[in-house]
Protein chains: 4
Amino acid sequence: MRLLFLGDVVGKSGRVVVTEKLPGLVADLKIDCVVINGENAAHGFGITEAIYQELLDAGGDCVTLGNHSWDQREALVFIDRAPRLVRPVNYPAGTPGRGAALIETRKGAHVLVVNAMGRVFMDAMDDPFAAVEREIEAAPLGRVADAVVIDIHAEATSEKQAFGHIFDGRASLVVGTHTHVPTADHRVLPGGTAFMTDVGMCGDYDSVIGMDKAEPLRRMREKTPGGKFEPASGPATLSGILVDLGANGLATRVAPLRVGGRLETTIPV
Amino acid sequence: MRLLFLGDVVGKSGRVVVTEKLPGLVADLKIDCVVINGENAAHGFGITEAIYQELLDAGGDCVTLGNHSWDQREALVFIDRAPRLVRPVNYPAGTPGRGAALIETRKGAHVLVVNAMGRVFMDAMDDPFAAVEREIEAAPLGRVADAVVIDIHAEATSEKQAFGHIFDGRASLVVGTHTHVPTADHRVLPGGTAFMTDVGMCGDYDSVIGMDKAEPLRRMREKTPGGKFEPASGPATLSGILVDLGANGLATRVAPLRVGGRLETTIPV
Amino acid sequence: MRLLFLGDVVGKSGRVVVTEKLPGLVADLKIDCVVINGENAAHGFGITEAIYQELLDAGGDCVTLGNHSWDQREALVFIDRAPRLVRPVNYPAGTPGRGAALIETRKGAHVLVVNAMGRVFMDAMDDPFAAVEREIEAAPLGRVADAVVIDIHAEATSEKQAFGHIFDGRASLVVGTHTHVPTADHRVLPGGTAFMTDVGMCGDYDSVIGMDKAEPLRRMREKTPGGKFEPASGPATLSGILVDLGANGLATRVAPLRVGGRLETTIPV
Amino acid sequence: MRLLFLGDVVGKSGRVVVTEKLPGLVADLKIDCVVINGENAAHGFGITEAIYQELLDAGGDCVTLGNHSWDQREALVFIDRAPRLVRPVNYPAGTPGRGAALIETRKGAHVLVVNAMGRVFMDAMDDPFAAVEREIEAAPLGRVADAVVIDIHAEATSEKQAFGHIFDGRASLVVGTHTHVPTADHRVLPGGTAFMTDVGMCGDYDSVIGMDKAEPLRRMREKTPGGKFEPASGPATLSGILVDLGANGLATRVAPLRVGGRLETTIPV
Ligand SMILES: [Fe+2]
Ligand SMILES: [Fe+2]
Ligand SMILES: [Fe+2]
Ligand SMILES: [Fe+2]
Ligand SMILES: [Fe+2]
Ligand SMILES: [Fe+2]
Ligand SMILES: [Fe+2]
Ligand SMILES: [Fe+2]
């Protein structure tokens, strides 16, 4: 099986690169399952039902979220009728939606997708390690799930790397999101889990983490309020990670995939 | 001119990869100036005078620091007799050492190296933007300095990217350090400044940001104190960024350089 | 001379208790100078020009601010024509307004009021100790200023206490604001400076730090967005600290002053 | 029933004031149950078994902890044979010790003591509200427990006040610890729960939160490492809150109790 994970889609520019490029990539690269982080898809903040559908229509099998999950309030409602939308699993009990989903791909494989939120330099949440542990135990790789994808949405590189090591051998892929910059440390860990500290964003990199530069640059120096933060609108880079799995659901190969915009193009052959 | 910047050297493993590989790389790639972040060179925490000398002997023209500057107390003393050692410029007035240095390379070029510490998710420091502004104005690129290298030692990707944009056109290179993971967003910004959100560490990547995995993995889940943090001792990756400059000191080309250890090898041709 | 400092006025309820009680207290207790923290006076967030004037009309000689200084954008403009309005001194150079003011009281005494913002658990700012040091040196107690009042707007008790000790003997009063809860540690420090870790708010204490309880209680447990934060509208407590000064401008006596609302009434005799 | 809660005992000076004053106060004020926060009792950092015993011998019925629980490693071991020692309830499953205890007083009453750690500006922990909720439900006030005492060890005043309101009517006392400064907002909440945002420390207030002043004052300005933090050794203030309960276990009266050292003496009559 071949998996593709795409990082945080930021605003219209990010959505455009996904809808324009993803269908061709899925066909050309014979990708079996696509997971997309969509927490910034709606003008940089959250996700709407229409955009969720747009990401599925473009080829997404599952959409994950993060600290921006509820920036668009409608997500609190439509998530309950959106079975392929996954929010961080370590929200409090009673939070709308689900933190993990067993997704059936077009070819009938079952992929467990879990989303978790880190706690270092982030809002107070329950233990993400324990929460993911419970989901993995409920649908173990090789028995219930043909593949397991963990999106660890976190700020600190240390916390994300700990996630990789702790679930090494029990997940097909542990990938970080949230910092909006791809890291160059993609590799298969000793136990067979593909890992990358952060997959980067699908957005315009001539920006401050996807946002138009002017206001963040001013605010960091001046410390006064000003205009709103708006997504940058230049050409976006689609930024993802491609993973090939063996019959046991563990990774045999991992490679970055980056197309368009300001970053160097990288297409696995 | 051709510059090489190497990220945070972590412990013995990191020093070994630098001393073994750097001399050959300098010769083969005809590198004119090497700047090395050494804040974790002494068993993961700070730097000693002997290690500072070791990094210069291996080919370093200048060594920068960060939040671990003073972990080895002797640094507070020997820094004043170490003209090529630069600590963050936005420490309070009266701090030992210097926050910027105009380094003469073997071929007689003058390179201004500035080190600054970010403030987002880090300790309280004075404004790094204003502090670097002052140093740049005192030794402007193209007039006093043949090249300007800014090491922004920071946690948040947003703050580092803001540094790149704000000094674009006035520095040869703005490069982030501190997170110990190389990013894949190296590029020349519109104004001619080479940029990379984080250059990664020179250390063993089979680790949690360069430290032996066992204790951090335990502590993140158990929240009890335990053993000391020790650098991981497996083979290290040398992780850097190579920049070619035009006659005006601005970048004409940028490329990552990674050799050894667990990461994919990348050597610019 | 007798000084009164009133803590963060929160919303209408806080303004009402100040306008209703302050004139009588000034008369009855023969108070010479009143400084009021007004950062939450406008519906909990910032201050308007009309409210600034209302606080002066009620008997205030000077109004200080904090991290909410600019929540009402008009403050960025009117502060430059509001000589008795003081914002934190450690904002970046170029910030509208002033961080210190030498205020003339009705009886012709000169009171230096300095406002500073802490950095522990707060936004990144320049060194508040160094910034206040400069203001104190420019208008020293006993030479230029008849009294010196320092409002240290900070979260951490440690940082506020450090302020008290560092300026002990050089200020008439060092008083903390920002946590919206009065502390019971008012005292005259060995060098003659009156000190209180936090003076508390002028607001409705049947609340979460002055805000209507319902939404903060929900949000702390549920971690989803919801209604806006609104000031609590029940009867407010006026919460202040009264300081008597000797001829040298140092404190001879300090006492809390609390009237109205939910807290125990304390009126110095 | 009459309860006394004493705030964080800091070092030898804090222990001396407790052992010297507590027995007399218990006798004179006819106190039925004493709970003491002991997280800083061992030279400012953690607790030893000998000191735990010393606090019980002085009259304590129960000792609570906080973020410094394990600073003395022996606490990880002896806590399992120390039935009256309670650490924060929202540590991960598997943490030594207990987060709540049903203590039998000398007169045979049963007092449920729960300790919880806040998450705002503190280390990542599981939800303290949910964790306390579970303990309260297991031993409800008026049915299983004759009194319920909640020690919320937290930095932010907002989080502590939320605790008070959420458990109002279901606890005899919700009291904050950790900031080492007593607040002046003690009161009985509408539902019958005694509340105080922070009870302050039993320690020397001529200090920075109980620590000798010199090193913290230097370090806040100089940002370089230096000497160790040592508890201040001047005369300490015993700082507590006294609560009278009706037959239903709810509060009928609350008053601060402060004796000795630098703070104003307050003894309820
Ligand atoms: Fe994002
Ligand atoms: Fe995010
Ligand atoms: Fe480092
Ligand atoms: Fe660092
Ligand atoms: Fe305030
Ligand atoms: Fe504030
Ligand atoms: Fe404490
Ligand atoms: Fe504490």
Task: Solvent accessible area, Å² - A:ASP204, 1.4 Å probe, full protein context - done: 10 Å²
Open item on the list: I'd like the accessible area for B:PHE5: 1.4 Å probe, protein heavy atoms, all chains in place, Å² to the nearest 10.
Closed with: 0 Å²
TODO: Would you be so kind as to identify which of D:ILE79, D:VAL243, D:VAL111 lies farthest towards the positive end of the dipole of the stretch D:2-259, taking Lys and Arg as +1 and Asp and Glu as -1 on Cβ and the Cα centre as origin?
DONE: D:VAL243
Open item on the list: What are the ³J(HN,Hα) couplings of the stretch C:205-219, residue after residue, when phi is run through the Karplus curve with 6.51, -1.76, 1.60 and θ = phi - 60°? Round to Hz, x for glycine and proline.
Closed with: 7, 7, 5, 10, 6, x, 9, 3, 5, 3, 5, x, 4, 5, 5
Task: Most positive-pole-ward Cα, A:ALA41, A:PRO23, A:GLN53, against dipole of the stretch A:17-62 from beta carbon charges - done: A:PRO23
TODO: Mind checking the per residue accessible area of the protein assembly as shown for me, 1.4 Å probe, whole number of Å²?
DONE: 32 Å²
Open item on the list: Looking at chain A, identify the longest residue range that excludes and avoids all trypsin sites (Lys or Arg not before Pro) in DSSP loops having at most 15 other Cβ atoms within 10 Å.
Closed with: A:144-227
Open item on the list: Just to confirm the numbers: A:ARG134, label point 7 angstrom along the Cα-Cβ line, distances to the other copies in nm, shortest first?
Closed with: 0.9, 5.2, 5.3
Open item on the list: Between B:PRO190, B:PRO140, B:PRO256, where does the largest GNM mean-square fluctuation fall for chain B, given springs only between Cα atoms within less than 10 Å?
Closed with: B:PRO190
Task: Contact order relative to length of chain D, as percent, for alpha carbon pairs under 8 angstrom and 6 or more apart - done: 19 percent
Open item on the list: Please give the charge dipole size of the protein assembly as shown, origin at the Cα centre, charges +1 on K and R Cβ atoms and -1 on D and E Cβ atoms. Round to the nearest 20 debye.
Closed with: 0 debye
Open item on the list: Within the stretch B:162-269, what whole-number % of the accessible surface is contributed by carbon and sulfur, with the 1.4 Å probe and all protein chains included in the calculation?
Closed with: 55 percent
Task: Theoretical FRET efficiency, 1/(1+(r/R0)^6), r = Cβ-Cβ of D:THR265 and B:PHE45, R0 60 Å, to 0.05 - done: 0.80
- [ ] In nm, give the distance between the simple-model label positions of A:LYS107 and B:GLU20, each being 7 Å from the Cα along the Cα-to-Cβ direction.
- [x] 4.0 nm
Task: Nearest-20 debye value, the stretch B:2-259 charge dipole, Cβ charges on Lys, Arg, Asp, Glu - done: 220 debye
Task: the stretch D:2-259 - Rg and Dmax from Cα coordinates, angstrom - done: 17.0, 56
Task: Modelled FRET efficiency - R0 60 Å, D:GLU74 with C:ALA93, Cβ distances, 0.05 increments - done: 0.70
Task: Part-to-part distance (alpha-carbon centres) for the stretch D:91-136 and the stretch D:211-269, which is given in Å - done: 22 Å
Task: Label point 7 Å beyond Cα along the C-beta direction, distances from C:ARG81 to other copies (nm, shortest first) - done: 5.4, 6.3, 7.7
Task: Efficiency of FRET from Cβ geometry, D:ARG134 and A:SER233, R₀ 51 Å, rounded to 0.05 - done: 0.55
Task: Dipole in debye (nearest 20) - the stretch B:36-90, about Cα centre, beta carbon charges: Lys, Arg +1; Asp, Glu -1 - done: 140 debye
- [ ] Please give the total accessible area that chains B and A bury against each other, computed with a 1.4 Å probe and expressed in Å² to the nearest 100.
- [x] 3300 Å²
Open item on the list: Over the stretch C:2-259, how many pairs of lysines fall under 24 Å by alpha carbon, counting only those 8 or more apart in sequence or from different chains?
Closed with: 8
Task: Sum of -39500 (n - 2.57) over DSSP H runs of 4+, divided by residues of the protein assembly as shown (222 nm, nearest 500) - done: -7000 deg cm²/dmol
Open item on the list: Which one, A:GLY66, A:ALA93, A:ALA255, is farthest towards the positive end of the dipole of the stretch A:2-259 when Lys and Arg carry +1 and Asp and Glu -1 on their Cβ?
Closed with: A:ALA255
- [ ] Just add up the charged neighbours of A:VAL17: K/R +1, D/E -1, any other residue whose Cβ is under 14 Å from the Cβ of A:VAL17.
- [x] 0
Open item on the list: Expected output is a single nm value to one decimal: the length gained when fully extending between D:ARG219 and D:ARG143, i.e. 0.36 nm times separation in residues minus the C-alpha distance. What is it?
Closed with: 22.2 nm
Task: Residue and distance (whole Å) for the chain C Cβ nearest the axis that superposes C on A - done: C:PHE121, 6
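The values are calculated or read from the model by the stated rules, or taken from the named source; none is laboratory data. Since the model is a prediction, treat every value here as computed from it, not as a measurement. Because the Cβ atoms are built from the backbone with ideal geometry, glycine has one as well, and the counts that use them run over all protein chains shown. To get the accessible areas, we keep the full protein, side chains included, count just its heavy atoms, and leave off ligands, DNA and RNA. Shrake-Rupley method; radii C 1.70, N 1.55, O 1.52, S 1.80 Å.
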